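S.K.: Here it is, the structure in full.
The values are calculated or read from the model by the stated rules, or taken from the named source; none is laboratory data. What you are looking at is a predicted structure, and each value in this text was computed from that prediction instead of being measured. Ideal geometry is used to build each Cβ from the backbone, glycine not excepted, and the neighbour counts take in all protein chains shown. Quick note on the areas: whole protein, heavy atoms, side chains included, nothing else; ligands and nucleic acids left out. Shrake-Rupley method; radii C 1.70, N 1.55, O 1.52, S 1.80 Å.
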Amino acid sequence: MAQKQAAHPGASKELFTLLSQVGLVGKHIAQDLSRAGLIDILGTTGEINVQGETLKKLDEIANQTFLKVFDQSGLVCALASEEMEKPILFPENWPQAKYMLLFDPLDGSSNTDCNMPLGAIFSVVKSASNDRMPTEDDLVRKGTEQVAAGYLLYGSSTMLVYTVGQGVQGFTLDPGIGEYLLSHQQVQIPVRGKVYSVNEGNYHKWATGTKQYVDYLKISDTATGRPYSGRYSGCLVADVHRILLDGGIYLYPGELTRPEGKLRLLYEANPLAWVVEQAGGRASTGTLRILDVEAKQLHQRVPLIIGSAGDVRDAEEFTQGRRTT
Ligand code: AHG
Ligand code: MN
Ligand code: MN
């Protein structure tokens, strides 16, 4: 990261320190997860979170870990989390601390008790102005305003993957020495893949164009590498990471009764969209580039189609009714 910082004068030393602190969160959570079945961190807290979803113990632990690592760091003037209705503002850190961190502390929560992959997603924006303290509204920004974005993947190994606008770098945690080592430099996503990732259990809730696209992927056609294989882990970070490296497409579409879809714009879609675009891929709602979506609320949801540029373009043609086969 230090080398990268030297190469990217636009990204300050504080920004790289902030990224290292995200890595520290990853070390803590990875250690907890490696013993999850042996310590009392599985199951639910019995509460319902701001998203209206059951709060898992690990959601809360991951959220608290982000707060512990950042609230005394002096690095941020605001923190916003999927697990907190309201952001935490640090006027005492402003204006020295110009960064604001938005995060999904644990992604793939349905996987916590069955040892399946999990992740965390983060987005960094700069405080909107230098002459007043940040407010909640300053956190609600378009994806094009991010200065850093990425994710932690708790898989067979723990990875930190990020972009500061100069490509995508991937670091793998070496638990033996407790350090992240650069393992994936300047990641490039293939123009097309052979994998699609979507919850087919929602098929009957989708609009016609979405159904037609997923049906199209299943029809055999050697010229276009179809049928694609289905791969859906229940963890957005894990599914997108696979697609980032091997190509393909992930969809969480809007539904007839929930046109905005499930995933959150500011701390799921925007950061992953920037990472995938920086690797040469594409991310859209089906009709609009994710990074251009006008953000209006902190926990705003958005349909997400993300992955290889060729595959996402195909999906957009079907979604927009410009193609049916
Ligand atoms: P989170 O655990 O942060 O709520 O995110 C879960 C997301 C995403 O990780 C995953 O791809 C998707 O929700 C799974 O949703 P379904 O169970 O509805 O398929
Ligand atoms: Mn999530
Ligand atoms: Mn989450």
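S.K.: Write down the accessible area per residue of the chain in Å², having rolled a 1.4 Å probe over the full set of protein chains.
M.R.: Working: 13660 Å² over 325 residues.
Heavy-atom accessible area per residue stands at 42 Å².
S.K.: What FRET efficiency comes out for L288 versus I48 if R0 is 35 angstrom and r is the Cβ-Cβ distance? Round to the nearest 0.05. Spell out each step's value before the answer.
M.R.: On the way: r = 31 Å, r/R0 = 0.88.
With R0 = 35 Å, the Cβ-Cβ based efficiency is 0.70.
S.K.: Sorted by accessible area with a 1.4 angstrom probe, largest first, how do S129, S20, S308 fall? Intermediate values should be presented prior to the final figure.
M.R.: Details: S129 30, S20 60, S308 0 Å².
Most to least solvent-accessible, the answer reads S20, S129, S308.
S.K.: Run the helix sum for the chain: -39,500 (n - 2.57) per DSSP H stretch of 4+ residues, divided by residue count, reported at 222 nm to the nearest 500 deg cm²/dmol.
M.R.: Taken over the chain, the calculation gives -8000 deg cm²/dmol.
S.K.: Answer rounded, prolate or oblate for region 2-184, using the Cα gyration tensor with square roots of eigenvalues a ≥ b ≥ c: rounded when a/c is under 1.5, else prolate when a/b is larger than b/c, else oblate.
M.R.: oblate
S.K.: Moving on to the next point. Only Lys, Arg, Asp and Glu count, each charged at its Cβ (+1, +1, -1, -1), so figure out the dipole size of region 2-184 about its Cα centre, rounded to 20 debye.
M.R.: Values: 13 positive and 22 negative charges, 128 e Å.
That gives region 2-184 a dipole magnitude of about 620 debye.
S.K.: Right, next: Probe radius 1.4 Å, ligands and nucleic acids ignored: give me the carbon and sulfur share of the accessible area of region 2-184 as a rounded percent.
M.R.: Numbers: 3960 of 7820 Å².
Here carbon and sulfur together make up 51 percent of the probe-accessible area.
S.K.: Under the 0.36 nm per residue contour assumption, what length would be gained going from the current alpha-carbon distance of S229 and N130 to full extension?
M.R.: Details: separation 99, 0.36 × 99 = 35.64 nm, distance 4.96 nm.
Stretched fully, the S229-N130 segment lengthens by 30.7 nm.
S.K.: Subtract the Cα-Cα distance of S12 and K205 from 0.36 nm times their separation in residues, and report this length gain in nm to one decimal.
M.R.: Working: separation 193, 0.36 × 193 = 69.48 nm, distance 4.52 nm.
Working it through step by step, the gained length comes to 65.0 nm.
S.K.: Tell me the relative contact order for the chain as a rounded percent, counting alpha carbon contacts under 8 Å between residues six or more apart.
M.R.: On the way: 691 pairs, mean separation 49.7, N = 325.
Once normalised by length, the contact order is 15 percent.
S.K.: Test of the criteria: in region 258-325, which GluC sites (Glu not before Pro) are in a DSSP loop and have at most 10 other Cβ atoms within 10 angstrom of their Cβ? Please report the intermediate quantities before stating the final value.
M.R.: On the way: sites: E260, E268, E277, E294, E316, E317; in loops: E260, E294.
Answer in residue order: E294.
S.K.: Also, I was wondering about something else. Using a cut-off of 26 Å between alpha-carbon atoms, which lysines can reach K262, once sequence neighbours fewer than 8 places away in the same chain are excluded?
M.R.: K56, K57, K86, K142, K194, K205, K211, K218, K296
S.K.: Using alpha-carbon pairs under 8 Å, 6+ residues apart, how would you state the relative contact order of region 2-184 in percent?
M.R.: Details: 307 pairs, mean separation 27.7, N = 183.
Reported relative contact order: 15 percent.
S.K.: Same structure, new question: Within the chain, what's the longest run with no trypsin sites (Lys or Arg not before Pro) in a DSSP loop and at most 16 other beta-carbon atoms within 10 Å? Give the range, please.
M.R.: Details: sites that count: R35, R132, K142, K218, K296, R322, R323.
Of all site-free stretches, the longest is 36-131.
S.K.: Now for a separate question. I need the semi-axes of the equivalent ellipsoid of the chain: take the C-alpha gyration tensor, multiply each eigenvalue by 5, square-root it, list largest first in whole angstrom.
M.R.: Values: eigenvalues 187, 93, 85 Å².
Semi-axis lengths for the chain are 31, 22, 21 Å.
S.K.: Could you sort L67, L265 by their accessible area in this structure, using a 1.4 Å probe and putting the largest first?
M.R.: Details: L67 20, L265 0 Å².
From most exposed to least exposed: L67, L265.
S.K.: What list of ³J(HN,Hα) couplings, whole Hz, do you get for region 293-310 from phi and the Karplus terms 6.51, -1.76, 1.60, once you set θ to phi - 60° and write x for glycine and proline?
M.R.: My calculation for region 293-310 gives 5, 6, 7, 10, 9, 4, 9, 4, 9, 8, x, 10, 10, 9, x, 4, 4, x Hz in order.
S.K.: Using protein chains only and a probe of 1.4 angstrom, how many square angstrom of D239 are accessible, to the nearest 10?
M.R.: Per-residue accessible area (D239): approximately 10 Å².
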